[in-house]
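Below you'll find the structure, written out as structure tokens, and then a few comments.
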Number of protein chains: 4
Amino acid sequence: MSFSLGKRLMAEGLGAGLLVATVVGSGIMAERLAGGNVALALLGNTLPTGAILVVLILAFGPISGAHFNPAVSVVMSLRGELPSRECALYIAAQIIGACLGTLAAHGMFELPLIEFGIKARTGPAQWFAEFVATCGLLVTILAISRFRSEAIPVAVGLYITAAYWFTASTSFANPAVTIARALTRSFSGIAPADVPMFAIAQLAGALAGLALMHWLLSPTPAPAATMAAKRS
Amino acid sequence: MSFSLGKRLMAEGLGAGLLVATVVGSGIMAERLAGGNVALALLGNTLPTGAILVVLILAFGPISGAHFNPAVSVVMSLRGELPSRECALYIAAQIIGACLGTLAAHGMFELPLIEFGIKARTGPAQWFAEFVATCGLLVTILAISRFRSEAIPVAVGLYITAAYWFTASTSFANPAVTIARALTRSFSGIAPADVPMFAIAQLAGALAGLALMHWLLSPTPAPAATMAAKRS
Amino acid sequence: MSFSLGKRLMAEGLGAGLLVATVVGSGIMAERLAGGNVALALLGNTLPTGAILVVLILAFGPISGAHFNPAVSVVMSLRGELPSRECALYIAAQIIGACLGTLAAHGMFELPLIEFGIKARTGPAQWFAEFVATCGLLVTILAISRFRSEAIPVAVGLYITAAYWFTASTSFANPAVTIARALTRSFSGIAPADVPMFAIAQLAGALAGLALMHWLLSPTPAPAATMAAKRS
Amino acid sequence: MSFSLGKRLMAEGLGAGLLVATVVGSGIMAERLAGGNVALALLGNTLPTGAILVVLILAFGPISGAHFNPAVSVVMSLRGELPSRECALYIAAQIIGACLGTLAAHGMFELPLIEFGIKARTGPAQWFAEFVATCGLLVTILAISRFRSEAIPVAVGLYITAAYWFTASTSFANPAVTIARALTRSFSGIAPADVPMFAIAQLAGALAGLALMHWLLSPTPAPAATMAAKRS
């Protein structure tokens, strides 16, 4: 079954929007209720995010591929699976959807619809963390879509669940989500000035993941040689 | 395999009852033990609810479809998958089962069997949250039952796990459950006067989800045109 | 593939033992670390128990059926799926394995190998809770093994995860585990005098679940009538 | 599809590295945020570890078998599934990858890249716990890879999730990970002097698991006898 570009863009925008509404909304809820315990707040932010990713990839994967993430769309375009013009439109839909997701979260929690983030997230350690997080995300996607593509929704949800905790930056790993999180002053926000370096680190990590998996998953002459040896 | 209407109604009532017993019971347990930390109480309310949903949909889905939710039954009826008379009986069974679920939870926790809720849950932000939560629930159900119906139990469980945290209202998203939660004064209760607007917002959200997915999942002329072009 | 009775009994004993080692061990660990917050201790007791159940049923289900629970074995025997002599041996293996599980947990946590439980768990509300919990467990097992047996491990793990929180008794739901938990004074213990009523309530709940599902899942004359009508 | 030894070693190293980066990184994050509540810190350490194991085994299992663990590689070698020379190289790759994982976690969290662990983890109870944990891990792997190999990633993730809590040692269960955790002073560290006994207990547990499952899963003469009886 194939879907028109308009529907695929809607799926990308809707998915990115629901993802960001979950990240921002659960961050607000968790911080309000956690009584100052940040580990508990992060737990209340992590579980919903991992859970909704599984749902959204199950729901929209068959329509648009369920990227929701410019770093993923760029990699898919480089692999020849998404024409560059569509890639640009995917990214636009992801960013617009993601920003509307922040607005929706603010609407549900009675906050001003747009406020700029004030949480500083910068410095080499944070950038390295975003590089690692996005590299690992692409390793996950490229390896598992090759071997067991039906496990991709659960795998991506679990990967992000882990990455929230093992990266010092709580693993944004998504330039569209990063932009949308610059529009909130709540738990999951980021200062707008810190967005560009995050996006650059994320794209660099995605490209590193692509290069690594391109080599690791490429056909190897060894088995052929073995077969030839067996034949003789 | 097909089941008689009586058995299907029992499955809907039993499922709604066990769902509400879990929501209300785990809310009581979690609030009692959490020592005043509301994030911890909500966590102890969220995980059991998400878990039991997976179980109940696995168990009763093949019998009755496992709606447990008037908003879902109305949508299925509008899609022509449930005759309107059966839809009305489904809703009655769901409401009766759900209310008995509250009683069962009270019985297990030594509370008066019926008490009316006192927690005010009202205002446009809460209604918008219920609209979003139920719209998202129907998007989840309609998309995933189209593409990968065997993943519906896990997807609905994870969706509600996320929605507890990303909506300011903790995502009731179910008119029968909302009515049953008006019969408890505990953690998960709601003041009876606030029930109608919740139910209206939920139904509106469900219809919005239906409309959105009706368009998004409908056949598209594009591929046919492409095929024709290829043939010529 | 079929396994000798000796191996099946070993699988039942080993599974019950690892289950109880997890219940008791994680209870000790969680209570020690939780700093007096009982919700947090229960969370640290719930998640490992649900997780290990999935693992143990995956591992031993194909060998012995992975009952680990006299209430389940009795029901399977009544359904004619387990000869009564084997049922008695299953129950003996489950009880012995479960008690050794308590010893193993005590050994790992440097506690006296056997101590009798002192936590009073009694009264009609607790018994009703055990009745509901075990009834729900059998509903889960009988319905899902009929429709989607490959989902049984995950379903049972999630059911117990939920039942820890929605029942006032934290859902023992297993006479062998109840006996073994009378041998520890730690978080998950129970006073030995309270064991018999728990076991009776559990068996009653299991039989109620069997009766309910026997009716709900039985063939129905309706479809046959429909077919006949179509033929004419 | 078969992969060259070089690629398989890279998969083992990369997997072990990402696993340790998650264990150590999430330990640092969780301890920093948990405000002194160790149960909460352990929860923030457990969930990411269980989650990433599922992801890594899905991603690298088809390439190298996804051992990431010398105890597993030794058992596979004894079963004749891995030549001893490759086994030695696997172990080297696992140790190197695991140590680089600690470095990566330190880099992301702005800690000195290498520091030696200071947490004493020793004594018979801890060794017994490591024995039990690794024995259970091999029971899980050997039984489930025989019956339902596609469930191995989820089963191992859930097993370790449980074992973190039911063993007094938080279940290292992996000599390569144990060595790498001797290079951090943070939450998940271990004093270098305590590493050898942990590794010995882990290997002994793995061999016990192999022996147990070798007997439990071996073909049994009973069914053959039954068949013969039926034939006559």
At q = 0.09, 0.12, 0.15 Å⁻¹, the log10 of I(q)/I(0) for the range D:99-232 from a Debye sum over equal Cα scatterers comes to -0.36, -0.56, -0.78
For residue A:85, inter-copy label-point distances (7 Å, Cα→Cβ), nm, shortest first, read 5.5, 5.6, 7.8
For the protein assembly as shown, whose charge dipole is built from +1 on Lys and Arg Cβ atoms and -1 on Asp and Glu Cβ atoms, the candidate among D:198, C:71, C:176 with its Cα farthest towards the positive end is C:71
Per residue of B:151-157, other chain Cβ atoms within 10 Å number on average 5
With the label set 7 Å along Cα→Cβ, residue B:123 is separated from its counterparts in the other copies, in nm and shortest first, by 3.7, 3.7, 5.2
The percentage of Cα-Cα pairs in the range B:1-85 separated by more than 14 Å is 67 percent
With no solvent term and unit scatterers on the alpha-carbon positions of the protein assembly as shown, Debye gives log₁₀ I(q)/I(0) at q = 0.05, 0.07 Å⁻¹ of -0.27, -0.55
Label points for residue B:204 built 7 Å along Cα→Cβ; distances to same position in the other copies, nm, shortest first, come to 4.8, 4.8, 6.8
A convex hull over the alpha carbons of the range B:149-221 yields, per residue, a volume in Å³ of 113 Å³
Expressed in angstrom and rounded, the centroid-to-centroid distance over alpha carbons for the range D:161-177 and the range D:66-84 is 19 Å
Number of Lys pairs in the protein assembly as shown closer than 23 Å at Cα, excluding neighbours under 8 places apart unless interchain, is 4
Under the helix-only model (-39500 (n - 2.57) for each DSSP H run of 4 or more, divided by the residues of the protein assembly as shown), the mean residue ellipticity at 222 nm, to 500 deg cm²/dmol, is -25000 deg cm²/dmol
The range B:5-215: spread of alpha-carbon positions along the three principal axes, whole Å, largest first, is 46, 36, 30
Rounded to a whole number, the mean other protein chain Cβ count within 10 angstrom for residues of C:22-28 is 4
Ordering C:207-213, C:126-132, C:184-190, B:75-81 by per-residue average of other C-beta atoms within 10 angstrom, highest first, gives C:126-132, C:184-190, C:207-213, B:75-81
With +1 at each Lys and Arg Cβ and -1 at each Asp and Glu Cβ, the charge dipole magnitude of the range C:5-215 around its Cα centre, to the nearest 20 debye, comes out at 160 debye
Here the equivalent ellipsoid of the range C:91-160, derived from its Cα gyration tensor, has semi-axes (largest first, whole Å) of 29, 19, 11
Averaged over the residues of A:110-122, the number of partner chain Cβ atoms within 10 Å of each residue's own Cβ comes to 1
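Each value in this text was obtained by applying a stated rule to the coordinates, not by laboratory testing. Just so we're clear, the structure is a prediction, and the values are computed from it rather than from any experiment. Counting neighbours? That spans all protein chains shown, and the Cβs are built from the backbone with ideal geometry, glycine included.
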